[in-house]
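Reading through the structure tokens given below for one structure.
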Amino acid sequence: MSYNDAYLAAAAYLGRREPDDATPLPQWIAQNCPKLAEEMPFLLEIPEDRIIGGSHGDLYCFVPRDAAQKLTVEHVTWVKQQFDIADKHDAVLYETTDAEPFLVYVRFEYAGLDHMPNIYISTERANGVPTGWFPM
């Protein structure tokens, strides 16, 4: 984000956490992403209320540029249409206007010919500039 003012956020893929993994999350992050955890120790301190999407799946860290931006995380299902598939946003999992780094678990659903994420993240700066992202 430091190279371009247009970026509203940054994201990092931390790895896939299996459903039966009982390792405490900070320890899991330190084991699976040691260099990232060393460079960004806040990853090990993200509170449970900012861990979204369950306890397993592909884990991403999302870091908003500004604290004063609206942030929404929605659950998505994929609906087949005649010639395509469409995303259906069916639940808000997290929403804030005081954006801070958070962790989100993403699981992929088979839809059409691809595996599609079950999470959509949108953010909007105070000046109204929006952006959205499907973690992939």
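Where a number appears in this text, it was derived from the coordinates with a stated rule and is not lab data. It should be emphasised that the depicted structure is a prediction, and the values quoted were computed from it without experimental measurement. With ideal geometry, Cβ positions are generated from the backbone for all residues, glycine too; neighbour counts draw on all protein chains shown.
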**Report entry** Inter-label distance for TYR110 and GLU18, nm, one decimal - labels placed 7 Å from Cα along Cα-to-Cβ
**Finding:** 2.1 nm
Query raised in the report: Once both labels are modelled 7 Å past Cα along the beta-carbon direction, what's the GLN31-ALA68 spacing in nm?
Result: 4.3 nm
Query raised in the report: In the stretch 102-136, which residues have a backbone nitrogen under 20 Å from the label point lying 7 Å from GLN81's Cα in the Cα-to-Cβ direction?
Result: 109-121, 132-135
Report task. Pull up all non-local amide H partners of ALA9: gap of 5 or more, or a different chain, and H-to-H distance under 5 Å with H placed in the peptide plane. Result -> ARG65
Query raised in the report: What number, rounded to the nearest 500 deg cm²/dmol, is the helix-based mean residue ellipticity at 222 nm of the chain, given -39500 (n - 2.57) per DSSP H run of at least four residues and division by all its residues?
Result: -2500 deg cm²/dmol
Query raised in the report: If contacts are Cα pairs under 8 angstrom and at least 6 residues apart, what is the relative contact order of the stretch 1-85 in percent?
Result: 42 percent
